[in-house]
Amino acid sequence: MNVRITGTGSALPGKILTNAELERLVDTSDEWITTRTGIKERRIAAEGEYTSTFAAEAGRRALEMAGVKPEEIDLIILSTVTPDFPFPSTACIVQDILGATNATAFDLSAACSGFIFGMSVAEKYLRSGAARKILIIGSEVLSRIVDWQDRNTCVLFGDGAGAVVLEASEGAHSLLSTHTFSNGSYWNLLYQPGSGSRNPATDSHTIDERKLYVTMEGNDVFKHAVRAMEEAAVKALDANGLSPSDISLLIPHQANRRIIDATAKRLGVDSERLFTNLQHYGNTSSASIPIALDEVNRQGLLKPGNKLLMVAFGGGFAYGSALVNW
Ligand code: COA
């Protein structure tokens, strides 16, 4: 039984926040942000736009490309660190918006690696015969948990969503493997201290001590990210008897241009085989890889038989890879 990507979609807020505009919010500069991260601008959700808004639109576009009706979907897996509500799952809200009445729907928490973890879970459902058509979505409105007074973090993130339809099928085009990893000993290097059971949003200290915002040890995260993405990529190559020269395109999680370049260099993947769009969107966490994949797909950058390697890293730490024979 093969597992095929039959549709991709993405949805982004209309509002663009440039580095020049950030210069007016915090003590930073376009030059600093560009040289340290590669990011030039990011998208920011408007009032009345939520994680479910972009998730549903990205999902609708992916279903349209796949030629799959919402009621044919067996499962919706939505990855996010910025759900509409702590409960119910944003996946259930998206199910309602799309009219995917026959789907089971749940959210998945694996921070920036959530989309790859979602692909991995979906793969198991499909190979076991438990589902035939699955919608996987990564969607984030990070602008609502970013501290707009903290120049260390606020310049990095953006909002948006990406989605794929994964189906059980015969035929050559297929998902070759997924690999997922967790290293919980570093959970406190990148996290949101408040809003959960440790620092409830209902406690005034949580707000007074600014615990509702993303907090990060940037330098440590950087080093771990490069090592972990290399490890996840090598695992995927080894499992399929491939070498870096076999890879047609690498889509890494779009966190920082320097992390991406260092990872590609360690793997021996040259810049022509590396896809980046973080200059436009910043780090959109679990949405970053499916947004990039949708752009690659719609631009026709992959040909049948091409090997596509996707690799992610994020809070947890959680990291992983997915390898596709296009
Ligand atoms: N504008 C200007 N200066 C800034 C700044 C900004 N937006 N953000 C931080 N600085 C300052 C720091 O305060 C520090 O100043 P100091 O030396 O006076 O204390 C200086 O720049 C250097 O900071 P440093 O942390 O050494 O910079 P860096 O080269 O490591 O880059 C990051 C910082 C955050 C860009 C980088 O560490 C990074 O990208 N880490 C990974 C983050 C990430 O991707 N997280 C998500 C993973 S999924």
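Worth a mention:
- Taking Val164, Val234 and counting other C-beta atoms within 10 Å, the order from fewest to most: Val234, Val164
- Here the chain has an Rg and Dmax of 18.6, 57 Å, counting Cα atoms alone.
- Rh (Kirkwood; distinct C-alpha pairs) - segment 176-325, Å: 16.4
- Screening the chain for whole DSSP H helices with an alpha carbon extent of at least 18 angstrom along the helix axis and a mean Kyte-Doolittle hydropathy of at least 1.6 yields nothing.
- Percent antiparallel among DSSP beta bridges (both partners in segment 1-125, rounded to 5): 45
- The Stokes-Einstein estimate for segment 136-215, based on a Kirkwood radius over Cα pairs and taken at 4 °C with 1.567 mPa s viscosity, is a diffusion coefficient of 81 µm²/s.
- Distance histogram in 10 Å bins (all Cα pairs of segment 263-326, percent per bin): 16, 54, 28, 1
- Antiparallel bridges, percent of DSSP beta bridges restricted to the chain (to nearest 5): 70
- If you bin all the Cα-Cα distances of segment 2-172 at 5 Å, starting from zero, the percentages per bin are 1, 9, 17, 19, 17, 12, 9, 7, 5, 2, 0, 0.
- In segment 1-55, the C-alpha radius of gyration followed by the widest Cα-Cα span (Dmax) gives 16.5, 54 angstrom.
- Extension reserve of the Ala46-Asp238 stretch, reckoned as 0.36 nm per residue once the Cα distance is removed: 64.7 nm
- Here the 3J(HN,Hα) profile of segment 8-16, calculated from phi with Karplus coefficients 6.51, -1.76 and 1.60 at θ = phi - 60°, is 9, x, 8, 8, 10, x, x, 6, 9 Hz, Gly and Pro shown as x.
- The chain - mean residue ellipticity at 222 nm from DSSP helices (-39,500 (n - 2.57) per run, n ≥ 4, rounded to 500): -10000 deg cm²/dmol
- Computed from label points 7 Å out along Cα-Cβ, the spacing between Ala130 and Glu209 is 3.9 nm.
- Above-threshold pairs, the threshold being 29 Å between Cα atoms, out of Lys40/Lys211; Lys15/Lys211; Lys133/Lys307; Lys133/Lys265: Lys133/Lys265
- Alpha carbon centroid spacing (whole Å) that separates segment 232-290 from segment 111-160: 17
Throughout, read-outs are computed from the coordinates displayed, never taken from laboratory work. Everything numeric in this text was worked out from a predicted model, so none of it was measured. Glycine also receives a Cβ, built like all others from the backbone with ideal geometry; neighbour counts cover every protein chain displayed.
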